[in-house]
Amino acid sequence: AITSVTGRSILDSRGNPTVEVDVELADGSAGRAAVPSGASTGAREAVELRDGDPGRWHGRGVDRAVHHVNTELAAAVIGREAEDQAGLDAALVATDGTPDKSRLGANAILGVSLAAAKAAAAAHRLPLYRYVGGSGARLLPVPMMNIVNGGAHADNPLDFQEFMIAPIGAATFAEAVRMGSEVFHTLRRDLLAAGHSTGVGDEGGFAPSLRTAEEALDFVVAAVERTGYRPGTDIGLVMDPASSEFFRDGVYDYTGEGVRRTPAEQVDHLVTLIDSYPVVSVEDPMAEDDRAGWQELTARVGARCQLTGDDVFCTDAAILREGIAAGIANSVLVKVNQIGTLTEALATVDTAHHAGYTVVMSHRSGETEDTTIADLAVATGCGQIKTGSLSRSDRTAKYNRLMRIEEQLGDSARYAGAAALHPPRH
Ligand code: PGA
Ligand code: ZN
């Protein structure tokens, strides 16, 4: 049973405070989880509680959330069995009492939920991926590695937030990491040679002063080829335009590019990019409020390209079910802190899988050294993970954890490869 719950404020990768929780069990087992934080958040995400005191941390303190961990949430779970994740998470949600976890904070609740799972895994002397995923968990995900940052994650003019590479043709996860790292360093040299800055954005990808998606994609394709890989076969391209961020008054306002696109023009633009480049997956190509646009794009290219909903679904199984019924997307991004408990995040994975939607386990732009999502990717067998660049320890910690898991699994390990994406390529 849980004997103690301790919350504290630590720093995230952007230097902002975030919640960390320690859970201890009667047998001495312990679990620790740190909560990530987004910058380009969906409107329907569970609420991240910030103090809002402008005199401290520029208003971003989490002292109230930590206090809730140490008082009400601790009281709700102390004495409970950590193995009863569903019961424990239900108790956390009921203690908060609001539909969006705004009273105690989803950041407070998630910290307790994940730390309890890790303590339970420790009590069973199992790695988290095996405790959550069972003895069959052995699928290593295809990483979507972010190598160019824009949008809300960088100060450059690029309107799209993320340009990524997915080593779909690798034989193992470790090989995928090597391929990604090689391309990352080729890209660095190419950007330098072209006179661009090689400073990086929030997720560790380069943030050069490019203006259009085409410019960024051209650099990425060239880097893949110059490193010796076949674009689209060995390495697929992935984008996260994070379109909700620049959808204003019914139009997509590309301020960096200096172009405004109607929803119909946005669909055409995305279709052209998908057809002109070896793009295998696009996340949030349309804004969360542009339902008709999402339906139109899904109808046009959904059969040949993975379309992943992030802001539009917010890791909420109920919202995802509506989207599935409406013919929106064919894949869902899963960010545990968008929904606030492990049980609910796993329910979203199940909902997606039952509907034939693929799942991409994901970090946030504000991260910590916590590697829980690496284990969750293997536990759920979802086959895809998005966890940033090939630099910065907050990102590489997840890759390093996955390489250790692959080593631990030995002969039983399988790398998901191209078959994990929609539509499956073999
Ligand atoms: P966020 O960005 O963590 O800042 O929301 C990640 C994403 O949009 O996928
Ligand atoms: Zn996104």
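Structure above, values below:
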item	result
Under 5 Å, built H, 5+ apart or other chain: amide partners of D289	none
Accessible-area value, T3, 1.4 Å probe, nucleic acids and ligands omitted, Å²	70
Probe 1.4 Å, accessible area per residue of the stretch 79-123, Å²	30
Helix axis angle, 85-96 relative to the chain longest principal axis, alpha carbon, degrees	90
Portion, in percent, of the accessible area of the stretch 8-105 that falls on carbon or sulfur, probe 1.4 Å	52
The chain, relative contact order in percent, only Cα pairs under 8 angstrom and at least six apart counted	20
Exposure rank, largest accessible area first [S412, S113; 1.4 Å]	S412, S113
Evaluated at q = 0.07 Å⁻¹: base-10 log I(q)/I(0), Debye formula over Cα of the chain	-0.31
Under-5 Å amide H pairs with I147, H placed in peptide plane, nonlocal only	F163, M164, I165
Accessible area, probe 1.4 Å, largest first, for residues H185, H353	H185, H353
Rounded to the nearest 20 debye, dipole of the stretch 324-426 from Cβ charges on Lys, Arg, Asp, Glu	320
Extended-chain gain in nm, criterion 0.36 nm per residue less alpha-carbon gap, R300 and A326	7.9 nm
Dipole magnitude of the stretch 27-126 about its Cα centre (Cβ charges: Lys, Arg +1; Asp, Glu -1), debye to nearest 20	260
Order of exposure, largest accessible area first, which applies to R178, R364 with probe 1.4 Å	R178, R364
Protection proxy ranking, peptides 260-270, 138-148, 66-76, 388-398, average beta carbon neighbours within 10 Å, highest first	138-148, 388-398, 66-76, 260-270
Unit charges at the beta carbon, dipole of the stretch 278-325: most positive-side option, T298, T315, M286	T298
Check: the stretch 152-282 dipole with +1 on Lys, Arg Cβ and -1 on Asp, Glu Cβ, in debye	340
Carbon plus sulfur fraction of accessible area for the stretch 269-426, probe 1.4 Å, in percent	48
J(HN,Hα) series, the stretch 48-60, from Karplus relation 6.51 cos²θ - 1.76 cosθ + 1.60, nearest Hz, glycine and proline x	8, 7, 10, 5, x, 8, x, x, 9, 6, 6, x, 9
Cα Rg over Rh - the stretch 1-107, Kirkwood	0.98
Residue (of A416, V251, V23) at the positive-pole extreme of the chain, dipole from beta-carbon charges	A416
The chain: angle of helix 342-354 to the longest principal axis, Cα-based, in degrees nearest 10	50
Within the accessible area of the stretch 123-197 (1.4 Å probe), percent carbon and sulfur	49
Protection-proxy order for peptides 290-303, 331-344, each taking the mean of Cβ atoms within 10 Å per residue, highest first	331-344, 290-303
Principal-axis tilt of helix 106-123 within the chain, Cα atoms, nearest 10 degrees	70
Coil-residue GluC sites (Glu not before Pro) of the stretch 131-215, DSSP, other Cβ within 10 Å capped at 15	none
Probe 1.4 Å, accessible area per residue of the stretch 238-342, Å²	31
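The values are calculated or read from the model by the stated rules, or taken from the named source; none is laboratory data. Remember, predicted model here, so these are calculated numbers, not experimental data. Cβ: placed from backbone, ideal geometry, glycine included. Neighbour counts: every protein chain shown. All accessible areas refer to the heavy atoms of the entire protein, side chains included, with ligands and DNA or RNA removed. Shrake-Rupley method; radii C 1.70, N 1.55, O 1.52, S 1.80 Å.
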